[in-house]
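Participant: This is the structure I have questions about; it appears just below.
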Amino acid sequence: MNRHLKTICIFALSSLALSSAHAEKLNIATDATFPPFESIDSSGKLVGFDVDMMEAICKAAALDCNIFNAAWDGMFPGLVSGKYDALVSQLTVTEKRRQTFAFSDIYDHPIFRFVAKKGATFDFTPEGLAGKTIAVQTGTPMDAYVTNHIPQAQIKRYDSGSAPFLELSSGRADLVLGYQAQIAHGFLNGDSGMGFELVGPQLTGKDAKEFGEGVAIAINKKNTKLVEDVNKGLAVIRKDGTLNALMVKYFGK
Amino acid sequence: MNWGIIGENLPLYAEGAKLTLFLAFGALLISFPLAVSLAFVRNSKVRALRYAVTIYTLVFRGTPLLVQLFLIYFGLAQFGLIRTSILWPWLSSPIVCVLIAYVLNTTAYSTEIFAGGLRHIPVGEIEAARAYGLSHWAQARRILIPAMLTRSLPLYGNEMIMVLQATSLASTVTLLEITGVARRITLDYYIQFEPYVTAAAIYLTITLVLVTIFHFVQRRWAGYLDPRSS
């Protein structure tokens, strides 16, 4: 009898240990509608710069990471509620976001550009863009910028990173504001991007605060340990050239 | 809990509710005469006509509304022929696309509801109409349509409520109806519970009003069909 009890206790303890080990696995969400940063390839696999980089960071910092696709409009609330441990989705660090989330060190400084039909000319002033239809992804720096600086334009907001481009191809939108790398390597080099080109000024955080400080990995504010770990991993892949090699692979820079 | 944010955004919800009601009742108003007419065609003696309507209702009841909406909004836009046609100014508008999708969808369901009601009219009523020497048009207007509608009321009431809830899909094509407003707040303030609970409460309120109206309509016009209490 006693021995049985002992066995049961050992079983209970070991399963407890197992479940806590299981909880160590980090849930990292990405919005895979954003090539070349994150997208789903034809075989259903998650691919892209952010995905490769995150995997490299996890390896360097010995973290057990599970990176998966999640809906854009549920990502931030999911991070707050603890459903996700971190988000890697070409997220711009802004003052407003810093109030709610922690961020890793910045890993890139994106340039934002407009894209339009070849040959179309625009006057890139708030007055010049009055009445033009500009498509953006909701809740992004691009959305915040056009909302605050070009309110005279007709702004169309979408839940995914790819829908604004569909609307540009169909002619429902005159302009899309996006990450230059996203436009150049995710849209213009594809079939649907034929006949379109980058237009207007190169915009960065220096031009408007909505474009933020750069892009980083968002982490739950309470999880300071994870911020440290991720930063450690980031430092390693920066030093050993992995990060640079990924930049060259995806953006040729 | 962040109910303050919801309070600040109540005007947005009011705008959203207006758009939701416009979409739901716009679609229902356009679809009603179509469905009543198609219900007769659905029971027509001409086999080709009957089959044509059957295929239409089968296709639109057999595919999800969201897929229909995406096909009309994103799918059609892919064809250059449509983009250069005179229809494009209409088809490029999300409101028009949503209305087209909802009208096609709810007309399919309503047609089947009304056609069923038509088949359940007691033969005696129709024979009586004929015996009085009423013309086909007078038979339809004074006997068949009223009898069909009163028999279809409970089911049609359900369909109206389904259309109301289905308007939430319009948020996927940029329209800021009630669900669209909730999603917008989610993305701006990073909260999910409060905006969606508020949206749910608004839908529930509208549904309660509809159900109450239906109760009275049912008693007033279809009361004669109820079993008599002894």
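Participant: Please verify whether A:Lys132 is away from every other protein chain (no Cβ under 11 Å) and among the basic types (Lys, Arg), treating the condition exactly as stated.
Facilitator: yes
Participant: Looking at (1) touching a strand residue (DSSP E or B) at 6+ places or on another chain (Cβ under 7 Å); (2) acidic (Asp, Glu); (3) in a helix (DSSP H, G or I), which is the only condition A:Asp52 fails?
Facilitator: The one condition A:Asp52 does not meet is (1).
Participant: I would also like to ask the following. Select from the range B:47-90 the residues that are touching a helix residue (DSSP H, G or I) at 6+ places or on another chain (Cβ under 9 Å), among the hydroxyl-bearing types (Ser, Thr, Tyr) and part of a helix (DSSP H, G or I) and list them in ascending order.
Facilitator: B:Thr54, B:Tyr56, B:Thr57, B:Tyr73
Participant: Further, regarding this structure: Can you tell me which residue in the range A:150-200 is nearest to the other protein chains (Cβ to nearest Cβ), limited to those that are under 20 Å from A:His109 (Cβ atoms) and of a type outside the set (A, V, I, L, M, F, W, C)?
Facilitator: Here the residue is A:Gly161.
Participant: Next up: Within the range A:221-243, does at least one residue satisfy the condition of being under 17 Å from A:Tyr107 (Cβ atoms), surrounded by 16 or more Cβ atoms within 10 Å (Cβ to Cβ) and touching a His at 6+ places or on another chain (Cβ under 9 Å)?
Facilitator: No, the conditions are met nowhere in the range A:221-243.
Participant: Pick from the range A:63-98 the residues that are under 29 Å from A:Ala153 (Cα atoms) and among the polar types (S, T, N, Q): which of them is surrounded by the most Cβ atoms within 10 Å (Cβ to Cβ)?
Facilitator: A:Ser89
Participant: Scan the range A:189-203 for residues that are part of a loop (DSSP other than H, G, I, E, B) and more than 27 Å from A:Glu55 (Cα to Cα) and jot them down.
Facilitator: The initial filter retains those residues of the range A:189-203 that are part of a loop (DSSP other than H, G, I, E, B), namely A:189-190, A:194-195.
Correct list: A:Met194, A:Gly195.
Participant: Looking only at the range A:75-90, count every residue that is touching a helix residue (DSSP H, G or I) at 6+ places or on another chain (Cβ under 7 Å) and basic (Lys, Arg) and tell me the total.
Facilitator: Qualifying residue count for the region: 0.
Participant: So which residues in the range A:44-75 are small (Gly, Ala, Ser) and either within 14 Å of chain B (Cβ to nearest Cβ) or farther than 20 Å from A:Gly186 by Cβ (or both)?
Facilitator: A:Ala56, A:Ala60, A:Ala61, A:Ala62, A:Ala70, A:Ala71, A:Gly74
Participant: Name the single residue that is modelled with the lowest pLDDT among those in the range B:184-230 being within 14 Å of chain A (Cβ to nearest Cβ) and in contact with a Leu (Cβ under 9 Å, 6 or more places away or on another chain).
Facilitator: The residue in question is B:Tyr190.
Participant: Something else: For the range A:204-245, how many residues meet the condition of being among the small types (Gly, Ala, Ser) and not in a loop (DSSP other than H, G, I, E, B)?
Facilitator: Total satisfying the criteria: 5.
Participant: Condition test on B:Ile5, is it at pLDDT below 95 and part of a helix (DSSP H, G or I)?
Facilitator: On the way: at pLDDT below 95: yes; part of a helix (DSSP H, G or I): yes.
Spelling it out, B:Ile5 is indeed at pLDDT below 95 and part of a helix (DSSP H, G or I).
Participant: Against the definition (more than 30 Å from A:Pro164 (Cβ to Cβ), in a helix (DSSP H, G or I), touching a residue at least 12 places away in the same chain (Cβ under 8 Å) and of a type outside the set (A, V, I, L, M, F, W, C)), how does B:Arg142 come out, yes or no? It would help to see each step written out before you state the result.
Facilitator: Values: more than 30 Å from A:Pro164 (Cβ to Cβ): yes; in a helix (DSSP H, G or I): yes; touching a residue at least 12 places away in the same chain (Cβ under 8 Å): yes; of a type outside the set (A, V, I, L, M, F, W, C): yes.
Taking the combined requirement at face value, the residue satisfies it.
The values are calculated or read from the model by the stated rules, or taken from the named source; none is laboratory data. Keep in mind it's a predicted model, so treat the numbers as computed, not measured. So basically every Cβ, Gly included, is an ideal-geometry build from the backbone, and we count neighbours across all protein chains shown.
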